[in-house]
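What follows is one structure encoded as structure tokens, with my remarks underneath.
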Amino acid sequence: MKWGIFLGVLLFIGLIGVYERPKMKKYPRKDKIAFFTLLTMAGILSLFDLPNMPGPVTFLESIFKPIRRFMEG
């Protein structure tokens, strides 16, 4: 895991939050929650190596590979 990337993303998320917070005072509570939820999701996604993770097809193949023997035979 590349902690430098994660910490850099957290730094930018913090800067965005600090910069946007005064502007967000006039928006309704739902908009504030949505904004900070999206920032939090971006921070969580930065923990994963998304380009090198197996996709959903790999997951489905691992589930159905044992069943293939029974279906073909």
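Read-outs throughout are calculated quantities, based only on the coordinates presented, and are distinct from any laboratory measurement. Nothing here was measured: the structure is a model prediction, and the numbers come from that model. Heads up, the Cβs are rebuilt from the backbone with ideal geometry, glycines too, and the neighbour counts pull from every protein chain shown.
List of remarks:
- Nearest 10 degrees, 0 to 90: helix 56-72 Cα axis against the chain principal axis: 20 degrees
- Between Asp49 and Met24, the FRET efficiency from the beta-carbon distance, with R0 = 30 Å, is close to 0.40.
- With both labels modelled 7 Å from their Cα along Cα-to-Cβ, the Thr40 to Glu61 distance reads 3.6 nm.
- Using alpha-carbon coordinates, inclination of helix 29-45 to the longest axis of the chain, degrees: 50 degrees
- Partner aspartates and glutamates for Lys23 [C-alpha distance under 19 Å; skip if fewer than 8 residues away on the same chain]: Asp31
- Convex hull volume per residue in cubic angstrom - Cα atoms of the chain: 111 Å³
- Between 0 and 90°, nearest 10: helix 3-24 axis offset from the chain longest Cα axis: 40 degrees
- Of the trypsin sites (Lys or Arg not before Pro) found in region 11-73, those in coil by DSSP whose Cβ has at most 13 other Cβ atoms within 10 Å are Lys25, Lys26.
- MRE, 222 nm, helices only [DSSP H, n ≥ 4, -39500 (n - 2.57), over the chain, to nearest 500]: -26000 deg cm²/dmol
- Taking Gly55, Gly17, Gly43 as the candidate residues, the one with maximal mean-square fluctuation in a Gaussian network model of the chain, Cα springs under 10 Å, is Gly55.
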